[in-house]
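The values are calculated or read from the model by the stated rules, or taken from the named source; none is laboratory data. Fair warning: this is a prediction, and the values are worked out from it, not measured in the lab. As a convention, Cβ positions derive from the backbone with ideal geometry for all residues, glycine included, and neighbour counts pool all protein chains shown. For the accessible areas, the whole protein counts, side chains as well, though only heavy atoms, and no ligand, DNA or RNA atoms are used. Shrake-Rupley method; radii C 1.70, N 1.55, O 1.52, S 1.80 Å.
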Amino acid sequence: MKRVLVAGGAGFIGSHMCDKLLLRKDVSKLVVVDNLWTGRAENLAHIKDPRLHFVRSDVETLQTSDTFDEIYHFASPASPPWYMKEPKRTISANLLGAFRLLDLLKKGGRFCFTSSSEVYGDPLVSPQPESYKGQVDCTGPRSSYDESKRCTESLLFELQRTQGLDVRVVRPFNCYGPRTRPDDGRAVSNFITQALTGRSITVFGDGLQSRSWGYVDDITEGFARYFWMNETDYRGPLNVGNDREISVLDVAKYVSSLMGGVPIVFKPSPPQDPTNRRPDLTNAKYVMPEWSCKVSYEEGVAKTLDWFRAELKPRAPKASAIGARSPRQRKPMQLSGFSSL
Ligand code: UDP
């Protein structure tokens, strides 16, 4: 039986991964560590499984004497406005978070890290294979995120090389879908929340910059397959994304059309906004040939819109997420307390 720790488990991607981990019968305990900076307690509120334990803490200062068979490091903001606002905290969560989590890994345990396609910066080759070194400005406004992902990769791959650490690193490409914060600020969720709240859709720059938008179910399915695979000779970072590249303006127009023609307005580009981004999936196809993105961008954006429509609907006040004792809840989640670990 495995004891598992998920740092950032109340976040967008982390909470979807918790759902998947709890489907595994060999997981005896799942400890989520999250400071609820960009994560939300609501993202875990549907889970009634007594194996889940929630600890509210910064990952880098987590206090526990427990150790774990598998550790997942998802603790980082991923949206440019959020990480640009708090660069020191972003670097700390990624890099110092990894240092702290490494202390908690059992000997022979596996360390899984969500890096980012941002390690490629503003790429000069397309699509980007994992071997592409990227074009990143280490003094630029995106550097707290880009470089802390790169440095954490460096830490992990060097421990793999020098100590044989069992490391799995994924590089997701523009993941979107249900459980994105309404105030997240990234393109798909911004366009949808703007359209649903009667505002114009804001396209930055001319909108001709492109991304490869990956629906969260497809992305986390790819993560789970790679993270949990025992028989593989692949040791490097793995691109996980949808390789259909679509311009930002096309996404804006599509959201607008779904909402009956919401106006689109153009605003200045954020600094050093990458012009393009598309994964080379050769390695992903080699490592997990049975995996591919199944949800088209049209379907994924429509599903995300439905989720936000329900999310933004005014509701009667309800007992808050974590720690709330609903009558159907067999056992309340343990809230804090490293005594519970
Ligand atoms: N973007 C936009 N309007 C918004 C939010 C984002 O035009 O309200 C653009 C942004 O400038 C970028 C693209 O959408 O070119 C993707 O931005 P996002 O923040 O989603 O992800 P990232 O820049 O990290 O790829």
Run the accessible area of region 192-279 with a 1.4 Å probe and give the carbon-and-sulfur part as a rounded percent.
52
Set Lys20/Lys106; Lys85/Lys149; Lys48/Lys85; Lys29/Lys107; Lys267/Lys294; Lys107/Lys149 screened for pairs whose C-alpha atoms are more than 27 Å apart
Lys48/Lys85; Lys267/Lys294
If you stretched the chain out fully between Asp183 and Arg51, how much longer would it get, using 0.36 nm times the residue separation minus the C-alpha to C-alpha distance?
44.5 nm
Can you send over the carbon and sulfur percentage of the accessible area for region 88-180, probe radius 1.4 Å, protein chains only?
55
Report the FRET efficiency, 1/(1 + (r/R0)^6), for Asp103 and Val265, where r is their Cβ-Cβ distance and R0 is 51 Å, rounded to 0.05.
0.55
Distance from region 54-70 to region 9-27 (C-alpha centre basis), Å:
16
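Compute the accessible area per residue over the chain, keeping the other protein chains in place, probe 1.4 Å, unit Å². Present the calculation step by step, with values, prior to reporting the outcome.
On the way: 14930 Å² over 341 residues.
Result: 44 Å² per residue.
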